[in-house]
Each structure stands twice: as structure tokens, then as C-alpha cells.
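Only the coordinates and a few stated rules stand behind these numbers; no lab work does. Since the model is a prediction, treat every value here as computed from it, not as a measurement. As a convention, Cβ positions derive from the backbone with ideal geometry for all residues, glycine included, and neighbour counts pool all protein chains shown.
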Amino acid sequence: MAVATGPPETIEVIDRNNNDCVANPKKLCLATSDKTRGLLIRAILANRVGYRWITRFLALIGCYSLLLFLGFLQVGYYYFFSGQVCRSIVYGDQPRNRLDLYRPKNSDGPKPVIAFVTSGAWIIGYKAWGCLLGQQLSERDIIVACIDYRNFPQGTMSHIVTDASQGISFVCKNTAEYGGDPDRIYLMGQSAGAHIAACTILEQAIKEGGEGESTTWSVSQIKVYLGLSGG
């Protein structure tokens, strides 16, 4: 595009794309090429499409969050108000030495028992994280004991394994009192809990293989070990 100068009262703008000449006494008029106009239109449309998709995506996240929140409310209500949940049973002398017991409504005959070590990346593990699992399995005539344990930095890995071992020992010794079958005790862990449970089994086996080591439970009392997402 070229600008031709003339008398002060007239400025001519020449558009080389269409060879039009525009004269305006007091205002400079710039002619936009077809290519530039096309780019502007495409940019506007792209922004409109992007905005529409962003709003839809945010709406989808909002709906998903609402559904999760409703699910958490349902599980939380069951955890705090269900008569089938025995919360914070003491199994040791440390503040975190507690476990939650989920019992079936049907009390006919001894039930299989799962000692469950919850996940939490070794730093946020908590017994209540096993509530949904306990609810689902107890409805299928299985007793679930969710074992709590010290987290880092409250304790080292050795302390965590010690807590888990004491929790398993409590389950093995007292399962009959809560309607469980001592011959059908299973050990399960998820993620970091699977690693903790596996370490506990190995440490217990090493103790049993040594001489003079006192143990409060035996690996032979565990029918099956199940590691979920870890172990």
C-alpha cells in the first residue's frame, strides 16, 4: 500500500490490491486487503469456538465435582452413622494405633476377614480411606478391618511396618470375638498400603525364620495376600 501526498486538504490512499483511490479532506482512510479481513474473521471464529469449548469443559468439571461430592456425602454418612461400623478400635499404644471394623448385617456363622492397609503415599494414609471397600465387602458377608498407622514424618518406614504388624496381630487374635473365621484371614493393601503390607509379611517371615525372635502372629495365619496397585 502506498500513500500519495497532495495538497494539505487532501490525502490519497492507494490500495494496490484493488487499485482504488480514496480521498478524504480531513481523515486518513486505510483500506484492508481481502487476505487481512479473512485472517481477522478466522481469528474471531476461532476465539468464539475456543471460548465455547472452554465453558463446556468447565461445566463438565462442575457436574463431575458435584457427583463426587454427593458420593463423598453418602460414604461419609455411612461411616459415621452406620451401626455396622466399629470405629477406632485400639490395637496398640501409639495414637494412630486404631482400626475400623466393618461387619456384615448377617451374623450367621463365622465370616471371612480382610485386614486392609489403606493407601496414602506413606504421608496421608488413614483408616477411613477404606470406608467404601469396607461397605461393599461387608454387604457380601465379609468382615473388613481397616488398619491405621503412623505416617511420615510421624514415623519412619520401620514404625509404619511395626504398626501394621500390630494391627494384623490384633485381627488374628480377636477375629472370632467379632464374628470372624480365624482360618480365613486375608491381608490386603492398596498402593502405598500394598507396599506396607508386603513389607510387613516379609519382616514377619524373617522373624519366624530367626532364632529367639518373639512373634505375636504368624504368616501361616494369613490365607492370601492381595496387593492392589502396588506391593
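Filtering region 175-200 to residues that are out of contact with any Lys or Arg (no Cβ under 7 Å at 6 or more places or on another chain), crowded, with 20+ Cβ neighbours inside 10 Å and in a strand (DSSP E or B) leaves LEU187, MET188, GLY189, GLN190. For region 141-185, a residue qualifies if it is of a type in the set (Phe, Trp, Tyr), under 24 Å from the mean Cα position of the chain (by Cα) and more than 19 Å from CYS131 (Cα to Cα), and exactly one does: PHE152. For region 177-221, the set of residues classified as more than 23 Å from TYR126 (Cβ to Cβ) and touching a Leu at 6+ places or on another chain (Cβ under 7 Å) is empty. If you check GLU203, GLU213, which single one turns out to be free of Cβ contacts under 8 Å to residues at least 60 places away in the same chain, part of a helix (DSSP H, G or I) and more than 25 Å from the chain's Cα centre (by Cα)? Among GLU203, GLU213, only GLU203 is free of Cβ contacts under 8 Å to residues at least 60 places away in the same chain, part of a helix (DSSP H, G or I) and more than 25 Å from the chain's Cα centre (by Cα).
Considering region 118-150, and only residues there that are of a type in the set (Ser, Thr, Tyr) and farther than 23 Å from VAL219 by Cβ, the residue that is surrounded by the fewest Cβ atoms within 10 Å (Cβ to Cβ) turns out to be TYR126.
Could you say whether any residue in region 94-114 is closer than 17 Å to ALA194 by Cα and not aliphatic (A, V, I, L, M)? No, region 94-114 has no match at all.
Do we find that ILE196 is within 31 Å of the chain's Cα centre (by Cα) and of a type outside the set (Phe, Trp, Tyr) in this structure? Here the answer is yes, as ILE196 does meet what is asked.
Of the residues making up region 131-141, one or more are more than 22 Å from LEU68 (Cβ to Cβ) and either among the charged types (D, E, K, R) or in a loop (DSSP other than H, G, I, E, B) (or both). Only one of the numbered conditions (1) farther than 21 Å from ASN151 by Cα; (2) in contact with a helix residue (DSSP H, G or I) (Cβ under 9 Å, 6 or more places away or on another chain); (3) of a type outside the set (Val, Ile, Thr) is not met by GLY210, and that is (2). So which of PRO153, PRO104, PRO95, PRO112 ends up being outside any loop (DSSP other than H, G, I, E, B) and either touching a residue at least 12 places away in the same chain (Cβ under 8 Å) or surrounded by fewer than 20 Cβ atoms within 10 Å (Cβ to Cβ) (or both)? None of the others qualify; the one that does is PRO112.
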